[in-house]
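*Asks:* Provided herewith is a single structure, encoded as structure tokens, for subsequent inquiry.
Rule-based calculations on the coordinates, nothing more; no lab input. Keep in mind it's a predicted model, so treat the numbers as computed, not measured. Glycine also receives a Cβ, built like all others from the backbone with ideal geometry; neighbour counts cover every protein chain displayed.
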Amino acid sequence: MTPTTPAADALAGRVALVTGASRGIGESAARLLAGHGAHVVISSRKLDACEAVAASIRAAGGQATAVAAHIGDVAAIEQLFATLDDRGLVPDVLVNNAATNPYYGPLLDQPLDAFQKTIDVNIRGYFVATAQAARRMQARGGGAIVNVASVNGRRAAPGQGAYSLSKAAIISMTEAFARELGPAGIRVNAVLPGLTDTHFAAPLLNDEALMKTMRRQIPLGRAAQPDEIARMIAFLCTPAASYVTGASVVVDGGYLS
């Protein structure tokens, strides 16, 4: 039996907020959600980059609004949701995708400020955004939240200790929120991408010696394209996944197998 495929208008009349949506996985997810009929809010730190994506979606016949916000700043997250309230764009869908990894190297040499930045964006930012969205979703009778974690949350990567532990926390946070918010009709799931061809992963992708090793560890033998991750994100946001919550779905070309 094949999974239900979301209809083209599966999110018609819904508002979907995607953080870190100016490029990479977030941009691909935003475009796909717009293709399913959602009015997508494109958010990242730089307004011009957000507006470029939003304008492109509108030019293709979709609905999109750009609102900048720094997910590592609690006040900025609160202002983001206040702005959406003022504009009548209360999210029915939230995709927590914005992330950072400011340090690559041994954990014992990790600068504390880089560690704190990782925690502030990757854990606290997801938590605050989820709480803000969920309070509004409760009043609307339900919603869907997807957290973009990583295979690093299941298998820590050398040189990426803090990033890996932050992604493990996201998996646990997903399960905790799913249990608490399920009775309110809010589904909370996580997607765990493997190595993906994005600007974020460029330091890995540009290291040919490392990539030679990585490709041997991935049964499909390559990095994912952002749209391959976006398809799973979109599925979990739509009614096609109506009985899925608390799940951590791996999209990694077989890396964890």
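*Asks:* Once you have the alpha carbon radius of gyration of the range 70-170, what is it after dividing by 2.2 N^0.38 Å, with N set to its residue count?
*Replies:* 1.19
*Asks:* Is the shape of the range 112-191 best called rounded, prolate or oblate, per the rule: a/c under 1.5 gives rounded, else a/b larger than b/c gives prolate, else oblate, with a ≥ b ≥ c the square roots of the Cα gyration tensor eigenvalues?
*Replies:* prolate
*Asks:* Right, here's the next one. Taking springs between alpha-carbon atoms closer than 10 angstrom, which of LEU33, LEU94, LEU204 fluctuates most in the Gaussian network model of the chain?
*Replies:* Result for the chain, Cα springs under 10 Å: LEU204 fluctuates most.
*Asks:* So, one more: With a bin width of 5 angstrom, please list the P(r) values of the range 165-257 as percents of all Cα-Cα pairs, from the 0 bin to the one holding the largest distance.
*Replies:* 3, 13, 19, 20, 18, 12, 8, 5, 2, 0
*Asks:* Specify the inter-centroid distance of the range 87-123 and the range 189-257, based on alpha-carbon positions, in whole Å.
*Replies:* 18 Å
*Asks:* Mean shadow of the chain, computed from the convex hull of its alpha carbons, in nm²?
*Replies:* Averaged projected area of the chain's Cα convex hull equals 13.6 nm².
*Asks:* Now, a different point. Suppose the chain between ALA114 and GLN225 were pulled fully straight at 0.36 nm per residue; how much longer would it get relative to their current alpha carbon spacing?
*Replies:* Here the segment from ALA114 to GLN225 would lengthen by 37.2 nm.
*Asks:* Further question: Taking LYS167 as the anchor, which aspartates and glutamates have their alpha carbon closer than 16 Å to its alpha carbon, excluding any fewer than eight residues away along the same chain?
*Replies:* Those aspartates and glutamates meeting the cut-off are ASP120, GLU175, ASP252.
*Asks:* May I ask you to list the chymotrypsin sites (Phe, Trp or Tyr not before Pro) in the range 91-126 that are in a DSSP loop and have at most 16 other Cβ atoms within 10 Å of their Cβ?
*Replies:* For chymotrypsin sites (Phe, Trp or Tyr not before Pro) across the range 91-126 that sit outside H, G, I, E and B with at most 16 neighbouring Cβ atoms in 10 Å, the list reads TYR104.
*Asks:* Give the cross-link partners of LYS117 among the aspartates and glutamates, using a straight C-alpha distance below 13 Å as the criterion and excluding same-chain residues fewer than 8 apart.
*Replies:* Here the aspartates and glutamates satisfying the reach criterion relative to LYS117 are ASP73.
*Asks:* On to the next question. Sticking to Cα atoms, compute the Rg of the range 23-139 to one decimal and its Dmax as the biggest Cα-Cα distance, whole number, in Å.
*Replies:* Using the Cα atoms of the range 23-139, the pair Rg, Dmax is 15.3, 50 Å.
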